[in-house]
Amino acid sequence: MHEYLILQTPPAVVEGDHLSLRCHSGDIYKTDKETRFDKDDEKWVITDDILHILNVTTAATGKYKCQKYFRLDHALDKWISAEAFVTVQELFSPPEIKVTPSRVIEGDEMTVRCDTRLDPLRGGTELYFAFYRDGRTVQEYNVSDTYRVRSSQLEDSGNYTCEVRTVSDTVRKISDGFHIQIYELFPSPEVRVDPSLLVTEGKQMTLNCETDPIQSGTTLLYTFYKDSQIIQSADRKTSYVIGKAGEENTGRYQCSIQSWDGNVRRNSTEVYILIQNYKVQKIIRLVISGFVLAAAVCFIFLHNKW
């Protein structure tokens, strides 16, 4: 180490800056030999007295020193500077995904925020933010640090990440993945028929549209269909009643449920309901009874014969 060789470093260095280190020996000790800069296991040999590192990252933090060869009295003498510690401060912290609300139900407004903190010395630096779901872009780079979904749906579930960069793109950082699960407001409904899918003509028939809301107190509206035509429009009534069913009521029935604001809607599968004429039903019963009686007689006859 030589007291006349000084490694000059800047007072503060932040990610994305250009770092310049000068190996100073004074005008009377100029040399045409190369200057060597060392950092840990890294070495740079340059002809100038200044080492330039463009767009530094925090990896440039470490202990530096420089050395030069001087010819004194027809002999070479190697001078080495004292070590100087250089700290490269983060321009902004690694971003984190934060979601509001913490539990997202279908139809909720969901806000995904890309949270980061700027170095106080560079508080005026403009940052750009981008958001991704399962690796696909859902919001291109812009100055907003939030991604907002006005009415979240099940397909909005996924692994979210966000990326932050400077305007010049000299510093860029991406968050860890954060899984967001959108929960059903209510399951798909089912049509249940009272008394059964086989209704006798003239009897009362009741269709119930059944589901189980995930949030208590959720207001739902019910719609009933026959052969794809609305027979009872959106209403709070969970049932559709036919006082005296006729053959014209035979058909394919379905119901749908929607939230009060219409943001969430689900349909049931169709069920086929047969309205059976009483006379026809009576004849069928007599025919079935006849078959049963005939079978019983045959069985007794054969049994006695053996």
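Using a 1.4 Å probe on the protein heavy atoms only, what accessible surface does His52 show? Give it in Å² to the nearest 10.
120
Could you tell me which of rounded, prolate or oblate describes the chain, using a ≥ b ≥ c as the square roots of the eigenvalues of the alpha-carbon gyration tensor, with rounded for a/c under 1.5 and, failing that, prolate when a/b is larger than b/c and oblate otherwise?
prolate
Suppose we look only past 22 Å in the calculated P(r) of the range 145-253. What percent of the Cα-Cα pairs does that tail hold?
Counting every Cα pair in the range 145-253, those more than 22 Å apart make up 56 percent.
Solvent-accessible area per residue for the chain at a 1.4 Å probe radius, Å²?
Heavy-atom accessible area per residue stands at 61 Å².
Based on the Cβ-Cβ distance from Thr100 to Asn142, what FRET efficiency comes out when R0 is 22 Å, to the nearest 0.05?
The pair Thr100/Asn142 has a calculated efficiency of 0.70.
What's the ranking of 244-253, 183-192 by average number of surrounding C-beta atoms within 10 Å, highest first?
183-192, 244-253
Using a probe of 1.4 angstrom, how much of the accessible area of the range 192-270 is carbon and sulfur, in percent?
Answer for the range 192-270 is 42 percent, counting heavy atoms of protein chains only.
Give the value in nm², to one decimal: projected area of the alpha carbon convex hull of the range 80-157, averaged over all directions.
Averaging across all directions leaves 8.2 nm² for the Cα convex hull.
As a test question: what accessible area, to the nearest 10 Å², does Phe70 have when a 1.4 Å probe is rolled over all protein chains in place?
10
Could you give the semi-axes, largest first, of the ellipsoid that matches the range 189-237, computed as the square roots of 5 times the alpha carbon gyration tensor eigenvalues and rounded to whole Å?
So the equivalent ellipsoid measures 24, 14, 9 Å along its semi-axes.
With runs of 4+ DSSP H residues as the only contributors, calculate the mean residue ellipticity of the chain at 222 nm using -39,500 (n - 2.57) per run, divided by the residue total and rounded to the nearest 500.
Computed ellipticity for the chain at 222 nm equals -3500 deg cm²/dmol.
Carbon and sulfur: what percent of the range 35-93's accessible surface (1.4 Å probe)?
Carbon with sulfur: 49 percent of the solvent-accessible area.
What FRET efficiency comes out for the pair Thr47/Glu83, r = Cβ-Cβ distance, R0 = 25 Å, nearest 0.05?
Working from the Cβ atoms, E equals 0.65.
What angle, in degrees between 0 and 90 and rounded to the nearest 10, separates the Cα long axis of helix 278-305 from the longest principal axis of the Cα atoms of the chain?
Rounded to the nearest ten degrees, it is 80.
Considering only DSSP beta bridges whose two residues both sit in the chain, what percent are antiparallel, to the nearest 5?
Counting only bridges with both partners in the chain, antiparallel ones make up about 90 percent.
Going out from 0 in 10 Å bins, what whole percent of all Cα-Cα distances in the range 118-205 drops into each bin?
Cα pair-distance distribution for the range 118-205, in percent: 14, 30, 18, 12, 9, 8, 6, 4, 0.
What dipole magnitude, in Debye to the nearest 20, does the chain give about its Cα centre under +1 on Lys/Arg Cβ and -1 on Asp/Glu Cβ?
1620
So how do Glu106, Glu155 rank on accessible area, 1.4 Å probe, biggest first, that is with the largest at the start?
The most accessible residue leads, giving Glu155, Glu106.
Select from Val167, Leu154, Pro195 the residue farthest towards the positive end of the dipole of the range 150-219; place +1 on Cβ of Lys and Arg, -1 on Cβ of Asp and Glu, and compute about the Cα centre.
Ranked along the dipole, the leading option is Val167.
Please report, in Å, the Rg and the Dmax of the range 31-144, where both are computed over Cα atoms only.
24.1, 86
Rounded to whole Å and sorted largest first, what semi-axes of the equivalent ellipsoid does the C-alpha gyration tensor of the range 107-150 yield via the square root of 5 times each eigenvalue?
24, 12, 8
The values are calculated or read from the model by the stated rules, or taken from the named source; none is laboratory data. The shown structure was predicted, so the numbers you read here are calculated from the model rather than taken from an experiment. All Cβ positions, even for glycine, are placed from backbone atoms using ideal geometry, and neighbour counts span all protein chains on display. Accessible surface is based on the protein model in full, side chains and every heavy atom, while ligands, DNA and RNA are left aside. Shrake-Rupley method; radii C 1.70, N 1.55, O 1.52, S 1.80 Å.
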